[in-house]
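Everything on this sheet refers to the single structure shown next.
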Amino acid sequence: MSGIAIRKYRSVFISDVHLGTKGCQAELLLDFIRHIECETLYLVGDIVDGWKLRSGWHWPQAHNDVVQKILRMARKGVNVIYVPGNHDDRVRDFVGVHFGGVVGVRDAIHETADGRRFLVLHGDEFDGVVQHAKWLAFVGDYAYRMLIVANTLFNRIRRRMGFGYWSLSAFLKTKVKNALQFVENFEAAVADEARRRGVDGVICGHIHKAEMRDIDGIAYINDGDWVESCSALVEHEDGRLEILEWAKLRSWSAVDRTIRTPELTHEPELLPTPAAA
(Lines give C-alpha, C1' and ligand atoms only; values in the text may rest on other atoms or scores of the structure.)
Protein backbone atom coordinates (compact mmCIF):
# COMPACT_ATOMS: atom_id res chain seq x y z
CA MET A 1 0.00 0.00 0.00
CA SER A 2 2.83 2.32 -0.84
CA GLY A 3 1.98 6.01 -1.04
CA ILE A 4 -1.17 6.03 1.14
CA ALA A 5 -1.31 7.30 4.70
CA ILE A 6 -3.09 5.70 7.60
CA ARG A 7 -5.68 8.31 8.57
CA LYS A 8 -6.39 8.62 12.30
CA TYR A 9 -9.79 9.77 13.53
CA ARG A 10 -11.65 9.97 16.80
CA SER A 11 -14.84 8.49 15.32
CA VAL A 12 -15.99 7.05 11.99
CA PHE A 13 -19.59 6.58 10.79
CA ILE A 14 -20.58 4.31 7.89
CA SER A 15 -23.97 3.07 6.76
CA ASP A 16 -25.85 1.45 3.91
CA VAL A 17 -23.14 -1.01 2.95
CA HIS A 18 -25.70 -3.59 1.78
CA LEU A 19 -23.47 -6.63 2.11
CA GLY A 20 -25.14 -9.50 0.28
CA THR A 21 -26.04 -7.47 -2.81
CA LYS A 22 -24.21 -7.18 -6.12
CA GLY A 23 -24.23 -3.38 -5.84
CA CYS A 24 -22.17 -3.34 -2.64
CA GLN A 25 -18.77 -1.70 -3.21
CA ALA A 26 -17.05 -4.01 -0.74
CA GLU A 27 -13.59 -3.60 -2.26
CA LEU A 28 -13.70 0.17 -1.82
CA LEU A 29 -14.96 -0.22 1.74
CA LEU A 30 -12.16 -2.67 2.54
CA ASP A 31 -9.67 -0.22 1.12
CA PHE A 32 -11.12 2.51 3.34
CA ILE A 33 -11.09 0.39 6.50
CA ARG A 34 -7.49 -0.67 5.89
CA HIS A 35 -6.41 2.95 5.78
CA ILE A 36 -8.07 4.28 8.93
CA GLU A 37 -7.64 4.05 12.67
CA CYS A 38 -10.31 5.24 15.07
CA GLU A 39 -11.48 4.99 18.67
CA THR A 40 -15.16 4.46 17.79
CA LEU A 41 -16.80 3.01 14.69
CA TYR A 42 -20.53 3.52 14.21
CA LEU A 43 -22.35 1.14 11.85
CA VAL A 44 -25.41 3.24 11.07
CA GLY A 45 -27.72 0.62 9.57
CA ASP A 46 -28.21 -1.50 6.45
CA ILE A 47 -24.79 -3.06 6.85
CA VAL A 48 -26.07 -6.49 5.77
CA ASP A 49 -29.01 -6.57 3.35
CA GLY A 50 -31.35 -9.11 4.90
CA TRP A 51 -34.10 -8.29 2.39
CA LYS A 52 -31.94 -9.44 -0.50
CA LEU A 53 -30.44 -12.46 1.28
CA ARG A 54 -33.93 -13.84 1.96
CA SER A 55 -34.57 -14.08 -1.78
CA GLY A 56 -31.15 -15.32 -2.90
CA TRP A 57 -27.64 -15.81 -1.55
CA HIS A 58 -24.85 -13.56 -2.80
CA TRP A 59 -21.81 -13.45 -0.53
CA PRO A 60 -18.43 -13.12 -2.29
CA GLN A 61 -15.16 -13.20 -0.37
CA ALA A 62 -14.88 -9.41 -0.22
CA HIS A 63 -18.15 -9.22 1.75
CA ASN A 64 -16.86 -11.75 4.23
CA ASP A 65 -13.60 -9.81 4.48
CA VAL A 66 -15.51 -6.65 5.46
CA VAL A 67 -17.22 -8.47 8.33
CA GLN A 68 -13.96 -10.05 9.49
CA LYS A 69 -12.12 -6.73 9.34
CA ILE A 70 -14.77 -4.99 11.47
CA LEU A 71 -14.71 -7.82 14.04
CA ARG A 72 -10.91 -7.58 14.11
CA MET A 73 -11.18 -3.85 14.83
CA ALA A 74 -13.48 -4.64 17.77
CA ARG A 75 -11.06 -7.25 19.11
CA LYS A 76 -8.25 -4.70 18.97
CA GLY A 77 -10.17 -2.30 21.19
CA VAL A 78 -12.20 -0.15 18.78
CA ASN A 79 -15.62 0.67 20.22
CA VAL A 80 -17.93 -0.67 17.48
CA ILE A 81 -21.57 0.40 17.81
CA TYR A 82 -24.20 -1.13 15.51
CA VAL A 83 -27.37 0.91 14.91
CA PRO A 84 -29.50 -1.35 12.67
CA GLY A 85 -31.62 -0.12 9.77
CA ASN A 86 -34.60 -1.49 7.86
CA HIS A 87 -32.60 -3.93 5.71
CA ASP A 88 -30.91 -5.43 8.77
CA ASP A 89 -33.88 -4.91 11.13
CA ARG A 90 -33.47 -8.40 12.62
CA VAL A 91 -30.54 -6.97 14.59
CA ARG A 92 -33.07 -4.82 16.47
CA ASP A 93 -34.18 -8.00 18.25
CA PHE A 94 -30.70 -8.11 19.85
CA VAL A 95 -30.33 -4.54 21.11
CA GLY A 96 -27.89 -4.54 24.02
CA VAL A 97 -26.28 -7.81 22.95
CA HIS A 98 -22.58 -7.93 22.09
CA PHE A 99 -21.54 -9.71 18.87
CA GLY A 100 -17.82 -10.40 19.13
CA GLY A 101 -17.24 -6.98 20.66
CA VAL A 102 -19.85 -5.20 18.51
CA VAL A 103 -22.79 -3.85 20.53
CA GLY A 104 -26.24 -3.39 19.01
CA VAL A 105 -28.28 -0.30 19.96
CA ARG A 106 -31.57 1.15 18.71
CA ASP A 107 -29.98 4.60 18.44
CA ALA A 108 -27.20 6.47 20.21
CA ILE A 109 -26.11 9.88 21.42
CA HIS A 110 -22.60 10.73 20.29
CA GLU A 111 -20.69 13.59 21.92
CA THR A 112 -17.94 15.10 19.82
CA ALA A 113 -14.60 16.21 21.22
CA ASP A 114 -15.78 19.83 21.15
CA GLY A 115 -18.88 19.03 23.24
CA ARG A 116 -21.64 18.82 20.63
CA ARG A 117 -24.25 16.08 21.02
CA PHE A 118 -25.58 14.17 18.02
CA LEU A 119 -28.43 11.71 17.74
CA VAL A 120 -27.22 8.71 15.71
CA LEU A 121 -29.89 6.64 13.96
CA HIS A 122 -30.45 4.97 10.62
CA GLY A 123 -33.48 7.04 9.66
CA ASP A 124 -35.96 4.53 8.23
CA GLU A 125 -38.36 5.46 11.04
CA PHE A 126 -38.93 8.73 9.15
CA ASP A 127 -39.57 7.11 5.78
CA GLY A 128 -43.35 6.90 5.32
CA VAL A 129 -43.07 4.26 2.60
CA VAL A 130 -41.07 1.91 4.80
CA GLN A 131 -43.35 2.45 7.80
CA HIS A 132 -46.79 2.44 6.19
CA ALA A 133 -46.49 0.65 2.84
CA LYS A 134 -43.80 -1.98 3.24
CA TRP A 135 -44.90 -3.83 0.10
CA LEU A 136 -44.19 -0.68 -1.89
CA ALA A 137 -40.81 -0.41 -0.18
CA PHE A 138 -39.97 -3.93 -1.38
CA VAL A 139 -41.02 -3.04 -4.94
CA GLY A 140 -38.95 0.12 -4.78
CA ASP A 141 -36.01 -1.83 -3.38
CA TYR A 142 -36.15 -4.26 -6.32
CA ALA A 143 -36.24 -1.41 -8.84
CA TYR A 144 -33.38 0.29 -7.02
CA ARG A 145 -31.28 -2.89 -7.09
CA MET A 146 -31.81 -3.14 -10.85
CA LEU A 147 -30.56 0.43 -11.17
CA ILE A 148 -27.52 -0.42 -9.03
CA VAL A 149 -26.76 -3.43 -11.27
CA ALA A 150 -26.77 -1.06 -14.24
CA ASN A 151 -24.57 1.31 -12.23
CA THR A 152 -22.12 -1.52 -11.49
CA LEU A 153 -21.89 -2.54 -15.15
CA PHE A 154 -21.47 1.09 -16.16
CA ASN A 155 -18.57 1.54 -13.73
CA ARG A 156 -16.98 -1.74 -14.78
CA ILE A 157 -16.70 -0.32 -18.28
CA ARG A 158 -15.32 2.98 -16.91
CA ARG A 159 -12.79 1.07 -14.84
CA ARG A 160 -11.51 -0.86 -17.87
CA MET A 161 -11.19 2.42 -19.74
CA GLY A 162 -9.12 3.89 -16.93
CA PHE A 163 -11.76 6.25 -15.55
CA GLY A 164 -12.68 6.68 -11.87
CA TYR A 165 -15.91 5.72 -10.13
CA TRP A 166 -19.03 7.74 -10.98
CA SER A 167 -22.52 7.10 -9.64
CA LEU A 168 -25.07 6.90 -12.43
CA SER A 169 -27.85 6.17 -9.93
CA ALA A 170 -27.00 9.19 -7.77
CA PHE A 171 -26.97 11.40 -10.88
CA LEU A 172 -30.43 10.16 -11.91
CA LYS A 173 -31.83 10.76 -8.43
CA THR A 174 -30.78 14.41 -8.54
CA LYS A 175 -32.78 14.80 -11.77
CA VAL A 176 -36.07 13.38 -10.47
CA LYS A 177 -38.31 15.95 -8.78
CA ASN A 178 -40.17 13.44 -6.58
CA ALA A 179 -36.90 12.00 -5.31
CA LEU A 180 -35.67 15.48 -4.40
CA GLN A 181 -38.89 16.22 -2.51
CA PHE A 182 -38.63 12.92 -0.65
CA VAL A 183 -35.08 13.75 0.42
CA GLU A 184 -36.10 17.20 1.64
CA ASN A 185 -39.02 15.79 3.64
CA PHE A 186 -36.81 13.10 5.14
CA GLU A 187 -34.10 15.56 6.18
CA ALA A 188 -36.65 17.89 7.80
CA ALA A 189 -38.28 15.02 9.73
CA VAL A 190 -34.95 13.70 11.05
CA ALA A 191 -33.88 17.22 12.07
CA ASP A 192 -37.19 17.67 13.93
CA GLU A 193 -36.51 14.48 15.90
CA ALA A 194 -33.07 15.76 16.89
CA ARG A 195 -34.66 19.04 18.01
CA ARG A 196 -37.26 17.12 20.05
CA ARG A 197 -34.49 15.18 21.80
CA GLY A 198 -32.64 18.35 22.69
CA VAL A 199 -29.39 17.58 20.86
CA ASP A 200 -27.26 19.71 18.54
CA GLY A 201 -27.61 17.56 15.46
CA VAL A 202 -28.35 14.22 13.87
CA ILE A 203 -26.19 11.67 12.04
CA CYS A 204 -28.06 9.20 9.87
CA GLY A 205 -28.05 7.15 6.66
CA HIS A 206 -30.89 5.42 4.80
CA ILE A 207 -31.36 7.66 1.75
CA HIS A 208 -27.89 7.12 0.20
CA LYS A 209 -27.17 10.82 -0.05
CA ALA A 210 -24.15 12.18 1.80
CA GLU A 211 -24.96 15.62 3.14
CA MET A 212 -23.86 18.06 5.82
CA ARG A 213 -25.96 21.19 6.39
CA ASP A 214 -27.86 23.27 8.89
CA ILE A 215 -31.64 22.87 9.14
CA ASP A 216 -33.09 25.64 11.32
CA GLY A 217 -30.30 25.41 13.87
CA ILE A 218 -29.92 21.62 13.78
CA ALA A 219 -26.81 20.10 12.20
CA TYR A 220 -28.07 17.49 9.74
CA ILE A 221 -25.43 14.99 8.60
CA ASN A 222 -25.96 11.96 6.39
CA ASP A 223 -22.91 9.70 6.06
CA GLY A 224 -23.96 8.42 2.63
CA ASP A 225 -23.49 4.80 1.59
CA TRP A 226 -21.19 2.17 0.07
CA VAL A 227 -23.31 1.43 -2.96
CA GLU A 228 -23.38 4.79 -4.75
CA SER A 229 -21.32 7.56 -3.15
CA CYS A 230 -18.89 5.31 -1.21
CA SER A 231 -18.68 7.87 1.59
CA ALA A 232 -18.17 8.01 5.34
CA LEU A 233 -18.40 10.62 8.06
CA VAL A 234 -15.28 11.09 10.17
CA GLU A 235 -14.65 13.04 13.36
CA HIS A 236 -11.21 14.57 13.82
CA GLU A 237 -9.51 14.72 17.21
CA ASP A 238 -10.71 18.31 17.74
CA GLY A 239 -14.35 17.39 17.02
CA ARG A 240 -14.48 18.64 13.43
CA LEU A 241 -16.74 16.53 11.24
CA GLU A 242 -15.98 15.76 7.60
CA ILE A 243 -17.57 13.66 4.88
CA LEU A 244 -15.03 11.60 2.96
CA GLU A 245 -15.99 10.43 -0.55
CA TRP A 246 -13.54 7.57 -0.74
CA ALA A 247 -14.13 6.69 -4.39
CA LYS A 248 -13.07 10.21 -5.34
CA LEU A 249 -10.05 10.17 -3.05
CA ARG A 250 -8.78 6.82 -4.34
CA SER A 251 -8.27 5.64 -7.92
CA TRP A 252 -9.32 2.15 -9.00
CA SER A 253 -5.69 1.26 -9.67
CA ALA A 254 -4.77 2.18 -6.09
CA VAL A 255 -7.60 0.03 -4.74
CA ASP A 256 -6.54 -2.89 -6.94
CA ARG A 257 -3.00 -2.69 -5.49
CA THR A 258 -4.43 -2.71 -1.96
CA ILE A 259 -6.50 -5.81 -2.67
CA ARG A 260 -3.44 -7.63 -3.96
CA THR A 261 -1.27 -6.53 -1.02
CA PRO A 262 -3.67 -6.17 1.93
CA GLU A 263 -1.09 -5.75 4.70
CA LEU A 264 1.40 -2.95 5.31
CA THR A 265 4.99 -4.02 4.72
CA HIS A 266 6.61 -0.70 5.65
CA GLU A 267 5.85 2.68 7.12
CA PRO A 268 3.16 4.44 5.05
CA GLU A 269 3.99 7.69 3.34
CA LEU A 270 2.16 10.78 4.56
CA LEU A 271 -0.41 12.38 2.33
CA PRO A 272 -1.98 15.81 2.81
CA THR A 273 -5.24 15.60 4.77
CA PRO A 274 -8.17 17.32 3.03
CA ALA A 275 -9.73 20.30 4.80
CA ALA A 276 -12.63 19.45 7.07
CA ALA A 277 -16.07 20.81 6.38
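In the range 216-227 there is at least one residue that is aliphatic (A, V, I, L, M), at pLDDT 50 or above and part of a loop (DSSP other than H, G, I, E, B). Residue check: Leu136 meets all listed conditions (1) modelled with pLDDT under 65; (2) under 22 Å from the mean Cα position of the chain (by Cα) but one, namely (2). Taking the conditions exactly as written (closer than 17 Å to Ile36 by Cβ, modelled with pLDDT of 65 or more, among the polar types (S, T, N, Q) and surrounded by 13 or more Cβ atoms within 10 Å (Cβ to Cβ)), does Ser251 satisfy them or not? Taking the combined requirement at face value, the residue does not satisfy it.
Scanning the range 185-209 for residues that are surrounded by fewer than 22 Cβ atoms within 10 Å (Cβ to Cβ), among the aliphatic types (A, V, I, L, M) and in a loop (DSSP other than H, G, I, E, B) yields a total of 1. Under the condition of being free of Cβ contacts under 8 Å to residues at least 40 places away in the same chain and over 20 Å from Arg10 (Cβ atoms), which residue from the range 76-90 is surrounded by the most Cβ atoms within 10 Å (Cβ to Cβ)? Selected residue: Pro84.
I need a count of the residues in the range 38-53 that are surrounded by 21 or more Cβ atoms within 10 Å (Cβ to Cβ) and either without any contact (Cβ under 8 Å) to a residue 60 or more places away in the chain or small (Gly, Ala, Ser) (or both).
To start, the set of residues in the range 38-53 that are surrounded by 21 or more Cβ atoms within 10 Å (Cβ to Cβ) comprises 41-49, 52.
Now restrict to residues that are either without any contact (Cβ under 8 Å) to a residue 60 or more places away in the chain or small (Gly, Ala, Ser) (or both): 41, 43, 45, 47-49.
Counting residues in the range 38-53 that are surrounded by 21 or more Cβ atoms within 10 Å (Cβ to Cβ) and either without any contact (Cβ under 8 Å) to a residue 60 or more places away in the chain or small (Gly, Ala, Ser) (or both) gives 6.
Filtering the range 15-32 to residues that are in contact with a Gly (Cβ under 8 Å, 6 or more places away or on another chain) and at negative phi leaves only Ser15.
Do we have any residue at all in the range 15-26 that's touching a strand residue (DSSP E or B) at 6+ places or on another chain (Cβ under 9 Å) and in a helix (DSSP H, G or I)?
Checked against the condition, which is being touching a strand residue (DSSP E or B) at 6+ places or on another chain (Cβ under 9 Å) and in a helix (DSSP H, G or I), the range 15-26 yields at least one hit.
Scanning the range 54-70 for residues that are touching a residue at least 24 places away in the same chain (Cβ under 8 Å) and assigned to a helix (DSSP H, G or I) turns up Ala62, His63, Asp65, Val66, Val67, Lys69, Ile70.
Out of Ile243, Ile203, Ile259, Ile207, which single residue is more than 14 Å from Leu119 (Cβ to Cβ) and at pLDDT 95 or above? Give the steps one after another, and end with the answer.
Details: Ile203 fails: more than 14 Å from Leu119 (Cβ to Cβ); Ile259 fails: at pLDDT 95 or above; Ile207 fails: at pLDDT 95 or above.
None of the others qualify; the one that does is Ile243.
All of Ile207, Ile215, Ile203 fail the test of being in contact with a Phe, Trp or Tyr (Cβ under 7 Å, 6 or more places away or on another chain) and farther than 16 Å from His110 by Cα, apart from Ile207. In the range 33-52, which residues are at negative phi and in a loop (DSSP other than H, G, I, E, B)? Correct list: His35, Val44, Ile47, Asp49.
The values are calculated or read from the model by the stated rules, or taken from the named source; none is laboratory data. Given the structure is predicted, the values throughout are model-derived calculations rather than measurements. Quick reminder, even Gly has a Cβ in these numbers, built from the backbone with ideal geometry, and neighbours come from all protein chains shown.
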